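Below is one structure, written out as structure tokens; the observations come after it.
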Amino acid sequence: MSERLPPKERMKIPRQQMPEQDPKARAGNFQEVNLGLNIAVAEKEAQRCLTCNDPKCMHGCPVGVKIREFVDLVMDGEYLKAAAKIREDNVLPAVTGRVCPQENQCEGSCVLEKRHSPLAIGHLERFVADFEQATGQVGLPERAPATGKKVAIVGSGPAGLSCAGDLVLRGHDVTVMEALHEIGGVLVYGIPEFRLPKHIVANEVDNMRKMGVDFQTNIVVGKTVTVDELFDEEGYDAVFIATGAGLPKFMNLPGEHLGGVYSANEFLTRVNLMKAYDRDQYDSPIYDCRDRNVAVIGGGNTAMDSVRSALRLGAQNAWIIYRRSEEEMPARKEEVHHAKDEGVQFLNLHNPVEFLGDDRGYLTQVRLQKMELGEPDDSGRRRPVPIEGSEFDLPVDVAIIAIGTGANPLVQSTTPDMQTNKWGYIKADDESMRTSKKGVFAGGDIVSGSATVILAMGAGRKAAASIDEYLQTGDWTVSPDSP
Ligand SMILES: Cc1cc2nc3c(=O)[nH]c(=O)nc-3n(C[C@H](O)[C@H](O)[C@H](O)COP(=O)(O)OP(=O)(O)OC[C@H]3O[C@@H](n4cnc5c(N)ncnc54)[C@H](O)[C@@H]3O)c2cc1C
């Protein structure tokens, strides 16, 4: 147990750094970049917490993790109890400790943020979750007596998992149906091994199995079974739709059909789920990046994950091509910093206008146009404006388009009495997550559009509370603001 220091002394302790794999070495392997805190460093970091009476950090957490209480337990050396405390509100602590944009959420609200560096809440969360996994003594919360009610959850990303975890604890019979052959959504098909190892997600999913959640893979709802059939033929009492926003967007440029041009979703799925990252063991159908020039178009997390994967697959040059400047980049700062350290090259204020190929139909060059920043647009960021006559050709063998994704339309098109908005996302009430169809709830990216893991988990928790209320009361009174 650490001795409790007076607040003035606590503020003198600098934020403890996360050890990282050496940039040169890691650019050639898929092992995790961040190595985790050891006990001494974690306790020292926990000592920095000012244990505020009204912890602002908690207001910044969409799932309401009891941050002050778990950090207090870390100071006491009670790591398993700290992990169990997090699990009361968060079924995926080892995941969120790794990939949450804490700088905009809990850490962004930490009082230390104003005059010092914020408490490293994410690193501490990861520390206790990893400690728990390493000891195998996982403090799973207790399950309420069985209610006999059945809930189907469509999609196994963070929204579906978080909803499933809460509902099973309330005694309901929960089945998660997933179109792919692996459980986890973007956590397994999108985010690469070097940021979120697959075994970390698999362990969390196993914990949920132990809690009683039933997982079924290779079920495409809308094809294998419709939402109406889930109610009428399979006897479900409620359905939660959490199918994410996985439909790739393209640029509609000449030459985008050429061999060697991928959507980021396809590229990352091949790398992650078809195991191209383990190229000595698996013969994945992926265009070989070794000694090639790879250009990734976009400036978000997906673009960073794609370009850093390409580098690890042996690319000679791996470029980010982004039409605004680094300041406007939506990717987490940590990811940009890691990418730079590893040797990724940034062509900011550049935009592709055409993909050029050889007579076999394979990409050879990308025609780029230089941009400058104009007045702010609707997003509040300065608008990129093309510079006439600035075009030039960059030799590129593989181009990966990472400019965003849209709603997958399958469930919506086979559930015609459920309302969608003009972009095809499902309309659901902000608080109850109810859709316009009785018994059907929706949340995560399929409602909000592409967002974050923790926001999807927050939506899953809200939906679980609302589904539980509906199952208990049978009441489907819809508020005037509901869809
Ligand atoms: C490459 C990448 C990196 C990212 N990095 C981060 C990050 O570092 N931090 C962060 O906070 N956020 C990150 N995000 C965003 C975050 O992952 C998403 O906001 C989050 O996963 C959304 O969760 P979800 O549960 O709504 O959907 P998803 O995670 O997309 O899961 C939806 C699941 O539903 C399944 N599904 C779809 N249709 C059907 C159907 N008809 N039947 C059955 N199953 C279906 C899909 O196969 C998928 O498994 C990243 C996103 C991407 C693409």
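Only the coordinates and a few stated rules stand behind these numbers; no lab work does. What you see is a predicted model, and the numbers here were worked out from it, not measured in a lab. All Cβ positions, glycine included, derive from the backbone under ideal geometry; neighbour counts span all protein chains shown.
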Cα-based Rg of the chain normalised by 2.2 N^0.38 Å, two decimals: 1.01
At 1.002 mPa s and 20 °C, Stokes D of the stretch 87-156 from Kirkwood alpha-carbon radius, µm² per second: 147
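Using helices alone, what [θ] at 222 nm do you get for the chain, with -39,500 (n - 2.57) per DSSP H run of 4 or more residues, divided over all residues and rounded to the nearest 500? Working shown, then result.
Working: 20 runs with 167 residues, N = 483.
Calculated from helices alone, the mean residue ellipticity at 222 nm is -9500 deg cm²/dmol.
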Neighbourhood net charge (15 Å Cβ-Cβ; Lys/Arg +1, Asp/Glu -1) for LEU410: -3
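To the nearest 20 Debye, how big is the dipole of the chain about its Cα centre, given +1 on the beta carbon of each Lys and Arg and -1 on that of each Asp and Glu? Numbers along the way, then the final one.
Numbers: 54 positive and 70 negative charges, 196 e Å.
Using Cβ point charges on Lys, Arg, Asp and Glu, the chain gives about 940 debye.
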Which of PRO254, GLY458, PRO145, positive extreme of dipole for the chain (C-beta unit charges): GLY458
Hydrodynamic radius of the stretch 382-483 per Kirkwood, over alpha carbon pairs, in Å: 16.4
Dipole-positive endmost among CYS110, GLN47, TYR236 within the chain (Cβ charges, Cα centre): GLN47
Among the listed pairs LYS149/LYS223; LYS8/LYS114; LYS12/LYS340; LYS81/LYS114; LYS150/LYS422, those beyond 21 Å (Cα-Cα): LYS149/LYS223; LYS12/LYS340; LYS81/LYS114; LYS150/LYS422
The stretch 297-337 and the stretch 1-37: distance between their alpha carbon centers, rounded to Å: 24
Cβ-based charge dipole, the stretch 276-370, positive-most Cα from HIS350, VAL307, CYS289: HIS350
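Expressed as a rounded percentage, what relative contact order does the chain have, with Cα pairs under 8 Å and six or more residues apart?
Numbers: 1035 pairs, mean separation 74.4, N = 483.
It comes to 15 percent, rounded to a whole number.
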Computed label-point distance, nm, for sites THR51 and MET274 using a 7 Å Cα→Cβ extension: 5.4
Alpha-carbon centroids, the stretch 410-476 and the stretch 72-124: separation in whole Å: 28
